[in-house]
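Here's the structure we're looking at; comments come further down.
Any read-out appearing in this document is the output of simple, stated calculations on the displayed coordinates, not a laboratory observation. Computed from a predicted structure; not experimentally measured. When we count neighbours, we look across all protein chains shown, and the Cβ atoms used for this are built from the backbone with ideal geometry, even at glycine.
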Amino acid sequence: MRMNIQSYNETGSTWDAFVASQRYSTNYHQYAWRRVIEKSFGHMTHYLVARNDTDEICGVLPLVHMKSALFGNFLTSLPYVNYGGLLCIDENARATLLTGLDGLLIKLRADHVELRHIGSFVKGLVTKQHKVTMILDLDNEEEVQWQALDAKVRNQVRKAVKCGLRVVTGYMELLDGFYGVFCRNMRDLGTPVYSKDFFLNILAEHPDTTRIISVMLGEKVVASGILSWFRDIMEVPWASSIRDYRELCPNNLLYWEAIRFAIRSGKRKFDFGRSTPGEGTYQFKKQWGAEPVQLYWQYLLKDGNQLPELNPKNPHYELAIKVWQRMPLAMANLLGPTIVRNIP
């Protein structure tokens, strides 16, 4: 059957209906993320569909165009999050969308396209396999899940409670507290921070599938995260804590209560998010019983172009990271959103 590629600019209902019908769709294939990214960062988006002769959608590809003098000119599916990429019913639809990308690269004079796939990959594309996501299978009973945890993890959760930490879960009313902790943590890591509007837009566009979870010491927020769910998977795509309170184990309490929230919501899996195998965050997630699932970041490159290396491990960014870590928090919060909008 013949396929044709089109730019999708409808309300999103037919797009989301296709996404809902596909076994391997992810949270970030949903159309609302287009509005989140356009409102939050002002980037141009290109949402492509492959249609058959009867005008049925057979494949989708959400793309964000990012262009700056510092970081280059490229397309990503999707930036700022772990997943995206091609979602197709068959090889014919996939080939149609990939062919269309060649013309889009030329039109936009972009250097490359980055496709963030989980669990499967497209043969023939240049591929990085440097990251995994950590997935924990959930029992439907909290007590069974608790007993399955490593004894050290259970002791750290108990310690957090004994030290007077408590957990609250809510919506927009917790955004300021979350953002304050997030800003402090990003500055300490040497990473520019997203604007508060980004998180506000995420919550506003997903009112039924997002919440904020915060760990409190008295009235002070010492750790916080965004809860987001799709189908049977709960994840915490953004979570932070203030390192001054690390000895109180706020992160352990945060994740245990997030897992409890997932079980009570009927979820079957908990996604701890992406990590580099062997590093500290990987080991933290591994101790909860989470297992790695391979991520495939795949690229269409202009002839002669090298693979992009926009990551903190790139030696070119070492000095910038050290400077950022020493920057006053107010200044980091002011400058961060302008810089990070062009870092996928």
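What value, in deg cm²/dmol to 500, does the helix sum -39500 (n - 2.57) over DSSP H runs of n ≥ 4 give at 222 nm once divided by the residues of the chain?
Values: 11 runs with 123 residues, N = 344.
Only helices count here, giving -11000 deg cm²/dmol.
Once a ≥ b ≥ c are taken as the square roots of the eigenvalues of the Cα gyration tensor of the range 139-267, is the result rounded (a/c under 1.5), prolate (a/b larger than b/c) or oblate (a/b not larger than b/c)? Oblate, since a/c reaches 1.5 and b/c is not below a/b.
In straight-distance terms, cross-link reach from residue 196 covers every one of the lysines whose alpha-carbon lies under 18 Å from its own, apart from those fewer than eight places away in the same chain; here that gives 39.
May I ask you to order 76-85, 119-128 by the average number of other C-beta atoms within 10 Å around their residues, highest value first?
On the way: 76-85: 23.8, 119-128: 13.6.
Highest mean packing first, the order is 76-85, 119-128.
Report the gain in length on full extension from residue 287 to residue 140: 0.36 nm times residue separation, minus Cα-Cα distance, nm rounded to one decimal.
Numbers: separation 147, 0.36 × 147 = 52.92 nm, distance 1.97 nm.
Residue separation times 0.36 nm, minus the Cα-Cα distance, leaves 50.9 nm.
Could you check which residue among 165, 189, 203 shows the biggest mean-square fluctuation in a GNM of the chain with a 10 Å Cα cutoff? Per the Cα network of the chain with a 10 Å cutoff, 189 tops the list. Residues 341, 268, arranged from fewest to most other Cβ atoms within 10 angstrom of their Cβ, appear as 268, 341. Could you let me know the centre-to-centre spacing of the range 200-216 and the range 38-99, using Cα atoms, in angstrom? Their Cα centres are 25 Å away from one another.
How would you order 135-144, 22-31 from highest to lowest mean count of nearby Cβ atoms within 10 Å? Write out the running numbers ahead of the final one.
Values: 135-144: 14.6, 22-31: 18.8.
Ranking, from highest mean packing down: 22-31, 135-144.
A Cα-only calculation for the chain places Rg and Dmax at 20.5, 64 Å.
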